[in-house]
Every structure is written in structure tokens, then in C-alpha cells.
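As C-alpha cells, the structure follows; a few thoughts come after it.
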Amino acid sequence: MTSMDIHQILDYLPHRYPILLVDRVLDMVPGERITALKNVTINEPFFPGHYPHHPVMPGVLIIEAMAQTAALLSFETMGRKSDDNSVYYFVGIDGARFKRPVMPGDQLILEVSILTNKRGIWKYAATARVDGQVAAEAELMCTLRSTE
């Protein structure tokens with residue numbers, strides 16, 4: 001079991017404010033699964049425009065939070081960290097479903113499991129929960145590519 005605080009997450013991911021969407025890793029078994037969290041606050045930069053009268057976290061950002069969680073799992077599994085010579089890209093998103101809105105004050109629990117890793121394409125099952133209820137789920141596919 002492995003956990004990570006925000007300082008360790010910043011060592012692994014190239015993302016920074018306002019697009020860093022993982023605050024803490026609660027549990028990780030490299031090569032298998034990870035559970036992380038994102039504290040959703042009214043201070044998020046997207047809430048004034050989505051929507052001013054009823055703030056809701058955009059679904060695409062929930063998917064991004066799941067992908068960042070998946071990247072942490074993959075980097076730890078590979079025994080490496082993000083660097084300036086590579087980028088971890090989306091390759092596909094299948095079966096994305098949104099079951100409940102995510103709003104300010106919610107704590108998003110991100111659960112990701114590795115399904116396969118074939119020819120450098122990682123496939124994951126990802127779920128985002130709030131108070132034990134599924135907020136979103138999807139199968140994500142990502143790959144690490146050189147920027148050189």
C-alpha cells in the first residue's frame with residue numbers, strides 16, 4: 001500500500017493549478033489499483049461560468065481527474081516520474097457515464113484499476129464517487145509518448 005501527499009503528487013505529474021485535479025493518494029497497489037481524492041471547493045476557477053446559479057463540476061474535468069489518478073498509478077507501476085521529454089496522453093474514453101452532479105463542498109473519491117497494458121497502451125476502469133455514490137465512471141486508455 002502506498003499513499004502520496006500533494007508534494008509527492010507534484011513530483012509525479014506535470015500538471016499545476018488550475019488543472020491539477022488530485023489532492024491526495026489514499027491507497028495504491030502498483031500494477032493493480034489506486035484510490036485518490038479531489039476536494040471540490042467553490043474557489044475552483046470553472047465554477048463562476050459552470051453555472052453561476054447552480055455550480056457543477058464539468059464532467060470533462062471529472063474524467064481528467066480520473067486520468068491524472070491513472071497516470072499516478074502508471075508512473076508508480078513503471079518506477080518513473082513525469083519529465084520534460086514525455087507526455088501521458090489520452091488515447092480513448094469508452095463508456096463514460098455521469099450519474100450525479102459534483103458540487104462545491106464535495107469530496108471526489110477517484111478509484112482506478114488497471115485492466116490491461118499492451119504495447120504501451122494502458123487501459124483502466126475508473127470510477128469517481130461522492131459520499132459512496134457513483135458520480136462518474138469510464139474506461140480510459142492512455143499512453144506515454146516522447147516529446148523529442
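Read-outs: derived from the displayed coordinates by stated rules, not from any lab. Computed from a predicted structure; not experimentally measured. As a convention, Cβ positions derive from the backbone with ideal geometry for all residues, glycine included, and neighbour counts pool all protein chains shown.
Here SER146, SER3 are placed in order of increasing Cβ neighbour count within 10 Å, fewest first, which gives SER146, SER3. In a Debye calculation with equal point scatterers on the alpha-carbon sites of region 89-148 and no solvent, what is log10 I(q)/I(0) at q = 0.21, 0.23, 0.24 Å⁻¹? Once normalised to I(0) and log-transformed, intensities are -0.81, -0.89, -0.93.
Label-to-label distance for ILE42 and ASP131 is 1.8 nm, based on points extended 7 Å past Cα in the beta-carbon direction.
From the Cα trace of region 1-140, what convex hull volume per residue do you get, rounded to a whole Å³?
In region 1-140, the Cα hull volume divided by residue count equals 109 Å³.
Rounded, prolate or oblate: which fits region 1-70, taking a ≥ b ≥ c as square roots of the Cα gyration tensor eigenvalues, rounded meaning a/c under 1.5, else prolate when a/b beats b/c? Taking the square roots of the gyration eigenvalues as a ≥ b ≥ c, region 1-70 is prolate. For the chain, modelled as a GNM whose springs connect Cα atoms under 10 angstrom apart, the maximal fluctuation among VAL134, VAL112, VAL91 occurs at VAL91. If you take the alpha carbon atoms of region 34-73 and fit the smallest convex hull around them, that volume is 68 Å³ per residue. The tail of the calculated P(r) for region 44-97 beyond 14 Å holds 65 percent of all Cα-Cα pairs. Working from label points 7 Å from Cα in the Cα-to-Cβ sense, the SER113 to GLU148 distance is 3.7 nm. Considering only GLN68, GLN133, GLN107, the mean-square fluctuation computed in a Gaussian network model of the chain, springs between alpha carbons under 10 angstrom, is largest for GLN133.
Sorting THR35, THR41, THR2 from the fewest to the most surrounding beta carbons within 10 angstrom yields THR41, THR2, THR35. In the elastic network of the chain, a GNM with C-alpha springs shorter than 10 Å, the most mobile of VAL60, VAL40, VAL22 is VAL60. Taking other Cβ atoms within 10 Å as a rough exposure proxy, GLU76, GLU139 sort from fewest to most as GLU139, GLU76.
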